[in-house]
Amino acid sequence: MMGPAHSLSGAAAWLGVGAAAAAFDRPMPWPVLVVGALICAGAALAPDLDHKSATISRAFGPVSKGLCEIVDKLSYAVYKATRSTADPRRSGGHRTLTHTWLWAVLIGGGASVAAVTGGRWAVLAILFVHLVLAVEGLLWRAARVSSDVLVWLLGATSAWILAGVLDKPGNGSDWFFTGPGQEYLWLGLPIVLGALVHDIGDALTVSGCPILWPIPVGRKRWYPIGPPKGMRFRAGSWVELKVLMPAFMLLGGAGGASALGFI
């Protein structure tokens, strides 16, 4: 799928989690619902860091472009080293390592560890990166005609404000994990969810997605999971723009309203 659809699906997924948490008597404070939705929207773009034309590869200028090249080469190297004889030959790493459940768990777990051990500046860095990506995905039309610096300033300002809101007692810095020193441990959850939602979205397209790697499926280790071919669509097609994106908006709105107790 394209970036805006990925971001919308990520935000909708976290709002759905908020609705489920409320149903199980573990409601999210509203700052957690908002911040988690934004992080998830940004994290839903992150797996495409293996693609030089993706939104994330352009979001942070030369830094993200350079990181994109590294991740692409790393993904390609892992693919070549682990492919079975039934897996096709490739010339790049797109839709390999970063499009797996294992990558999602590692990135989300790493973010949680950084948030707990790195203190406020680590939390701010995590928020900044994902808020910039959320702006690029959710407000993509405005972001395209704006300068990168303005988007970065918006991300930095929003990260600072939202971190301050979360730090206030009862606002959710210790949501879900309440033990001493576990503040912000939950930040990894929307990151994992966003990456997995991205993979599921890509699995619906014609190429499928090797979400289950390194678990083999049949004779293939990099099996492209997806529905029957007749149910798949091309990225950017009318199915994505006219059906899925409006559906994500409706589902996200319903999930948010339920999480906040309005329905």
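The values are calculated or read from the model by the stated rules, or taken from the named source; none is laboratory data. The structure displayed is predicted, hence computed values, not measured ones. Here Cβ is always computed from backbone atoms with ideal geometry, including for glycine, and neighbour counts include all displayed protein chains. Heavy atoms of the whole protein, side chains included, go into the accessibility calculation; ligands, DNA and RNA do not. Shrake-Rupley method; radii C 1.70, N 1.55, O 1.52, S 1.80 Å.
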Spin-label model distance (nm) - THR157 vs ARG232, 7 Å beyond Cα toward Cβ: 4.4
Can you give me the solvent accessible area of PHE128 with a 1.4 Å probe, rounded to the nearest 10 Å²? 60
Extension gain TRP140-ARG83, at 0.36 nm per residue separation less the Cα-Cα distance, in nm? 16.9 nm
Run the count for the chain, please: Lys pairs, Cα-Cα under 20 angstrom, 8 or more apart or on different chains. 7
Centroid-to-centroid separation of segment 194-241 and segment 51-71 [C-alpha atoms, Å]: 22
For THR82, THR117, the accessible-area ranking with a 1.4 Å probe, largest leading, is THR117, THR82
For the chain, what % of the accessible area comes from carbon and sulfur atoms, probe 1.4 Å? 69
At 1.4 Å probe size, with every protein chain present, just tell me what the per residue accessible area of segment 64-201 comes to in Å². 50
Just the accessible area for SER64, please: 1.4 Å probe, Å², rounded to the nearest 10? 10
For Rg/Rh (Cα atoms, Kirkwood Rh), with candidates [x] 1.01; [y] 0.97; [z] 0.94, the value calculated from the shown model is option [y]
Across the Cα atoms of segment 182-231, what radius of gyration and what greatest pairwise Cα-Cα distance (Dmax) are found, in Å? 14.0, 46
Please identify the helices of the chain, taking whole runs of DSSP H, that span at least 15 Å along their own axis as judged from the Cα atoms and have a mean Kyte-Doolittle score of 1.6 or higher. 30-43, 101-138
Max mean-square fluctuation residue, GNM over the chain, Cα-Cα springs under 10 Å, options VAL145, VAL197, VAL63: VAL145
Compute the FRET efficiency between LEU67 and ILE200 as 1/(1 + (r/R0)^6), taking r as their Cβ-Cβ distance and R0 = 22 Å, and round to the nearest 0.05. 0.35
CD proxy, 222 nm, the chain: helix-only mean residue ellipticity via -39,500 (n - 2.57) per DSSP H run with n ≥ 4, per residue, nearest 500, stands at -20000 deg cm²/dmol
Which of the trypsin sites (Lys or Arg not before Pro) found in segment 207-263 are in a DSSP loop and have at most 12 neighbouring Cβ atoms, other than their own, within 10 Å? ARG219, ARG234
